[in-house]
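First up is the structure itself, then whatever we jot down about it.
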Amino acid sequence: MAEPARQPNGKGQWPKVLTLGAGTPVQPSMLRVFLTRESLIRFALSLLLALALWLYVTGRENPHLAVDLPQPLQVGAADVRQDLVVTSQLPSAHVRYRTGTPSIQVSGANFRVYVDLLGLGPGVHRRVPVLCQSDPGITCVSVTPRFITVAMDFLKQEQIPVTPVIVGQPPKGYIAQAPHIYPPTISVKGPRTLVSQVARASVDLNLAGDTSTLDGTFSPSLLSAQGLPVSGTTRLLISPSQVTVHVDVKSLSSFKPVPVLIRLDGHPHSGFGVTGVAISPPEVTVQGSTARLRQLTSVVTVPVSLSKRKTTFSAATALKLPKGVTASRRTVRVRISVQPVDSYTSVEVGITLTGVPLGLTAQANPARVLVTVIGPATGVHDVARNMTAVVNVTGFGAGNYSLSPALSVPSRFRVANVYPDKVSILLQSAPTG
């Protein structure tokens, strides 16, 4: 086909133009400027910005787009056989959802993420589907992970005895009675392989320093047959979780403070007498059975000799204790003042008890006191030998009393010293025949 003839323009040349559709003619040089590398990059950037803006606006206006729940949800187990228990740790899952209402407030409480274990038996099950349920108006789009591994074991329940273990003893002089535990057994429920490891439950009782009854609640520790702690007990249900323990702590003996009395033997040198007696310490704490200490009102020393003494002296002397009684110390220190006296003598005088109520018996401890008498030398010894020390208990009831004896001497004589100045009087019911 022949090419159409071209008509020259007014200058005798053909026009150098390109026609793009019906628009304005574009010169070739202008098209080359438009298609440069820099202009193409700017065009691509503009297109990307426009697309991003469109996606943002569309997401704001379209509530049907999927959204990720901010926090993961714990996967639960459903339709587990009554004789089985899940032994593996179920993971958390991430949920993607969408809603049909823009204003609805969505939280983890609107979803249930779980695995359906219906029909599955004991053992390890791999690739169990993770399911998601949501409240009306909310749709679960996806859940991650989609599959998990679940292990199950037979459920077992056992009654386990609770054993007390004394890890600290009471102080010396005290003893702990047998502990009482309530309840004596606890229920342990959980996976069979774990429950089978438990042989007993232990309660550690530290009685160190305890001198009185122990009452408290304690959480038992689960132990194996070898006495080792069983691991993984957090997966076991223990009922009750605490037991009550009662332990009586009793004293092996009683304690009692009693005065110390000095036993004196012999007489000072002629013309000298005892003018003072001091004891350090004046009393000691004795220990023994309650029955023995009930009758004990004082302890005495071994005899201290006054024979031919002319000066004041000090000495350590041992205590003389009844059988079955001990004291906080074995010896005491005594100081006896011996001074010259023109007409002087010291003599032991027996205690005379008067006015003892009917039906009671009376006992004086000590039964004699040391009396120092001053008077004319021709009669002082006779007066001292015939002197009496009287304690009147008229009107007193049964019990222990500390009373001063009454001493009487002729008018020309006087009592310089009485040791001890008080004696213990024990009034008790008379034995019936």
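The values are calculated or read from the model by the stated rules, or taken from the named source; none is laboratory data. Quantities reported herein were computed from a predicted structural model and do not represent experimental measurements. All Cβ positions, even for glycine, are placed from backbone atoms using ideal geometry, and neighbour counts span all protein chains on display.
What is the number of the single condition among (1) at pLDDT below 90; (2) closer than 21 Å to ALA364 by Cα that PRO282 does not meet?
Unmet for PRO282, out of (1) at pLDDT below 90; (2) closer than 21 Å to ALA364 by Cα: (1).
Could you look through segment 406-429, keep only residues that are in contact (Cβ under 8 Å) with a residue 12 or more places away in the chain and part of a loop (DSSP other than H, G, I, E, B), and pick out the one that is farthest from the chain's Cα centre (by Cα)?
Step by step, filter segment 406-429, then rank; the result is ARG412.
Of all residues in segment 381-405, which are touching a strand residue (DSSP E or B) at 6+ places or on another chain (Cβ under 9 Å), surrounded by fewer than 14 Cβ atoms within 10 Å (Cβ to Cβ) and free of Cβ contacts under 8 Å to residues at least 24 places away in the same chain?
SER402, SER404
Could you tell me which of the residues PRO170, PRO184 is farther than 30 Å from LYS156 by Cβ and not aliphatic (A, V, I, L, M)?
Every option except PRO170 fails the conditions.
Kindly indicate whether VAL371 is assigned to a loop (DSSP other than H, G, I, E, B), in contact with a helix residue (DSSP H, G or I) (Cβ under 9 Å, 6 or more places away or on another chain) and under 16 Å from VAL347 (Cα atoms).
no
Does segment 151-162 hold any residues that are surrounded by 15 or more Cβ atoms within 10 Å (Cβ to Cβ) and either more than 18 Å from ASP83 (Cα to Cα) or modelled with pLDDT under 90 (or both), and which are they?
Scanning segment 151-162 gives ILE160, VAL162.
State which residue pairs qualify: first residue assigned to a loop (DSSP other than H, G, I, E, B) and inside segment 268-279, second residue among the charged types (D, E, K, R) in any location, beta carbons under 8 Å apart, and separation of 6 or more residues or different chains.
PRO268/LYS308; PRO268/ARG309; PRO268/LYS310; HIS269/LYS308; HIS269/ARG309; HIS269/LYS310; GLY271/ASP342
Considering only segment 231-258, how many residues are in a strand (DSSP E or B) and touching a residue at least 60 places away in the same chain (Cβ under 8 Å)?
Going through segment 231-258 one residue at a time, the tally reaches 8.
In segment 189-209, how many are surrounded by 12 or more Cβ atoms within 10 Å (Cβ to Cβ) and under 16 Å from VAL247 (Cβ atoms)?
6
Could you figure out which of (1) over 53 Å from the mean Cα position of the chain (by Cα); (2) assigned to a strand (DSSP E or B); (3) more than 25 Å from SER280 (Cβ to Cβ); (4) not hydroxyl-bearing (Ser, Thr, Tyr) isn't true of VAL338?
Condition not satisfied by VAL338: (3).
Name the single residue, out of those in segment 297-316 being among the aliphatic types (A, V, I, L, M) and surrounded by fewer than 17 Cβ atoms within 10 Å (Cβ to Cβ), that is farthest from GLN428 (Cα to Cα).
Across segment 297-316, the extreme among qualifying residues is ALA315.
Looking at SER39, SER88, SER46, SER103, which is the one that is surrounded by fewer than 10 Cβ atoms within 10 Å (Cβ to Cβ), modelled with pLDDT under 95 and among the small types (Gly, Ala, Ser)?
Matching residue, one of SER39, SER88, SER46, SER103: SER103.
Please work out which residue is farthest from VAL418 (Cα to Cα), limiting yourself to segment 345-367 and to residues that are more than 56 Å from the chain's Cα centre (by Cα), part of a strand (DSSP E or B) and of a type outside the set (Ser, Thr, Tyr).
LEU353
Looking at segment 280-290, is at least one residue in contact with a Phe, Trp or Tyr (Cβ under 6 Å, 6 or more places away or on another chain), part of a strand (DSSP E or B), polar (S, T, N, Q) and within 30 Å of ASN417 (Cα to Cα)?
yes
Of these, THR354, THR394, THR372, which one is out of contact with any Gly (no Cβ under 8 Å at 6 or more places or on another chain) and modelled with pLDDT of 85 or more?
Going through THR354, THR394, THR372 in turn, just one is out of contact with any Gly (no Cβ under 8 Å at 6 or more places or on another chain) and modelled with pLDDT of 85 or more: THR354.
Consider VAL277 carefully, then state whether it is within 30 Å of VAL380 (Cβ to Cβ) and of a type in the set (A, V, I, L, M, F, W, C).
Here the answer is yes, as VAL277 does meet what is asked.
Can you find, within segment 180-203, the residue that is nearest to the chain's Cα centre (by Cα) among those that are closer than 14 Å to LEU236 by Cα, in a strand (DSSP E or B) and aliphatic (A, V, I, L, M)?
Per the stated criteria, the residue is ALA201.
When you look at SER212, is it touching a strand residue (DSSP E or B) at 6+ places or on another chain (Cβ under 9 Å), buried (at least 16 other Cβ atoms within 10 Å of the Cβ) and of a type in the set (Ser, Thr, Tyr), yes or no?
no
Would you confirm whether any residue within segment 128-136 is assigned to a strand (DSSP E or B), crowded, with 17+ Cβ neighbours inside 10 Å and touching a residue at least 60 places away in the same chain (Cβ under 8 Å)?
No.
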